Amino acid sequence: MLSDIFPQAEVYALCMPGRESRIEEPLLTTMESLTEPLLPCLTNFLEKPFFMFGHSLGAIVALELTLQLQSQNFPLPRKLFVSARQAPSNQSSKKMLHSLSDSELQKELKLYGGTPDSVMNNKDLMSLFLPIIRADLKINETYSLKNGIRTRLPISAFAGQTDQVISVADVHQWERLTEEEFRLHTYPGGHFPSAHEKSSILEIIASDAIS
């Protein structure tokens, strides 16, 4: 945990509707429907210095929330941390995985790794997971930025050297979205870092946060 490495920090994680304790809630499929209820909650935690971190879809959620805070003149994160996601642009993703059939989508998901074959081959489990994955992919693939929008805070980005979905060059493009310092960190693994790689990432976050 980050709090073990950086004991001054309090960690608040986002649990999206349709999973874990919110399993009964309907899934969200647009960035607007996701961030609209989040922003009022977030403004309750701005009195202390804070940072945002997002992995994959979470990277653009963190970015969008930051841009909304910025546009409304709220306090901003000290730094934005993003991982395993290409920099967003004003163009939607060319490859719309959320529109694929279940069988086609499962083939694509194998490139991401992180899902054991025992789960991928279990029809009952996949019938639960695929709608969640499809909803997340729709948010991810339909999100776009207006031309010229940039953040007013530093960005540190993480990329897996063997990620078959998002290349290091894709992640490096986050540099053009900030007016401040940009740092790119790589780790040996794929789209989902190993436990050891996660620990290293947390140590870098703690170091970058106080530098």
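Details
- In the stretch 134-153, the qualifying residues are those that are in a loop (DSSP other than H, G, I, E, B) and over 15 Å from the mean Cα position of the chain (by Cα), and the one that is surrounded by the most Cβ atoms within 10 Å (Cβ to Cβ) is 153.
- When 211, 207, 194, 200 are screened for being of a type in the set (Ser, Thr, Tyr), more than 18 Å from residue 79 (Cβ to Cβ) and out of contact with any Lys or Arg (no Cβ under 8 Å at 6 or more places or on another chain), only 194 passes.
- Of the residues making up the stretch 119-174, those that are charged (D, E, K, R) and free of Cβ contacts under 8 Å to residues at least 24 places away in the same chain are 123, 124.
- Hey, residue 38 modelled with pLDDT of 90 or more, surrounded by fewer than 17 Cβ atoms within 10 Å (Cβ to Cβ) and not hydroxyl-bearing (Ser, Thr, Tyr) or not: yes
- Selection count where residues are surrounded by 14 or more Cβ atoms within 10 Å (Cβ to Cβ) and either among the hydroxyl-bearing types (Ser, Thr, Tyr) or under 15 Å from residue 84 (Cα atoms) (or both), scope the stretch 169-193: 17
- Cβ pairs under 7 Å, 6+ apart, first in the stretch 4-20 and under 28 Å from residue 32 (Cβ atoms), second part of a loop (DSSP other than H, G, I, E, B) and modelled with pLDDT of 85 or more: 16/28; 17/25; 17/26; 17/27; 17/28; 18/25; 18/26; 18/27
- Those residues of the stretch 12-55 which are among the polar types (S, T, N, Q) and in contact with an Asp or Glu (Cβ under 6 Å, 6 or more places away or on another chain), in sequence order: 35
- Unmet requirement for residue 186, which otherwise passes all of (1) closer than 29 Å to residue 74 by Cα; (2) of a type in the set (S, T, N, Q); (3) not in a helix (DSSP H, G or I): (1)
Yes/no per residue for (1) closer than 21 Å to residue 163 by Cα; (2) β-branched (Val, Ile, Thr); (3) surrounded by 12 or more Cβ atoms within 10 Å (Cβ to Cβ):
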residue	(1), (2), (3)
66	no, yes, yes
101	no, no, no
104	yes, no, no
132	no, yes, yes
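- Selection from the stretch 154-166 of residues that are under 18 Å from residue 204 (Cβ atoms) and more than 17 Å from the chain's Cα centre (by Cα): 161
- If the condition is being among the hydroxyl-bearing types (Ser, Thr, Tyr) and under 17 Å from the mean Cα position of the chain (by Cα), then the stretch 63-122 contributes 66, 83, 89, 92, 93, 112.
- Counting only helices (runs of 4 or more DSSP H) that sit wholly inside the stretch 14-121, those with at least 2 residues that are touching a strand residue (DSSP E or B) at 6+ places or on another chain (Cβ under 8 Å) and within 16 Å of residue 142 (Cα to Cα) are 57-71.
The values are calculated or read from the model by the stated rules, or taken from the named source; none is laboratory data. Predicted model only: the values in this text are computed from it and were never measured. Ideal geometry is used to build each Cβ from the backbone, glycine not excepted, and the neighbour counts take in all protein chains shown.
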